[in-house]
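Taken together, the values in this text are just the output of simple stated rules run on the coordinates, not laboratory data. Keep in mind it's a predicted model, so treat the numbers as computed, not measured. Note: ideal-geometry Cβ built from the backbone for every residue, glycine included; neighbour counts use all protein chains shown.
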Amino acid sequence: MNTKSVKLKPKNLPKKGAKAVPAAPKPKRRIARKGRERVLIEFPSPLLQRADETAAKLGKNRSELIRTAVEQLLDGLERKHFYMELASAYQANAAMNLDLAGAFAHADKEGSR
């Protein structure tokens, strides 16, 4: 049996005598505040410029302006959805509402005498 030892060399190590290349510094990872998440979004340059100008006029930073705009858009969409559901319910119950109004019409006349 052959008991010859074999030395294994890790791959990708610089050869003897080669100059070592310094490792690139790790980028600092900015951590979002508790309860918030960081997002990366792309804007067309003209839109970003308008947003920055508006934020400056309002005394807000870019993030505050974008958060406010998204919140207002979502609130508006939710409000619109609510009113559409409400209108749909009124339409679905229109016949019943007319019957109820007719049934209590005499009560409305009593108060006017």
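Rounded to the nearest 0.05, what FRET efficiency do residue 82 and residue 58 give with R0 = 25 Å and r taken as the Cβ-Cβ distance? Could you check? Don't skip to the answer; put the middle values down first.
Details: r = 28 Å, r/R0 = 1.12.
It comes out at approximately 0.35.
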Once label points are set 7 Å from the Cα along Cα→Cβ at both residue 31 and residue 100, what is their separation, rounded to one decimal in nm? 5.6
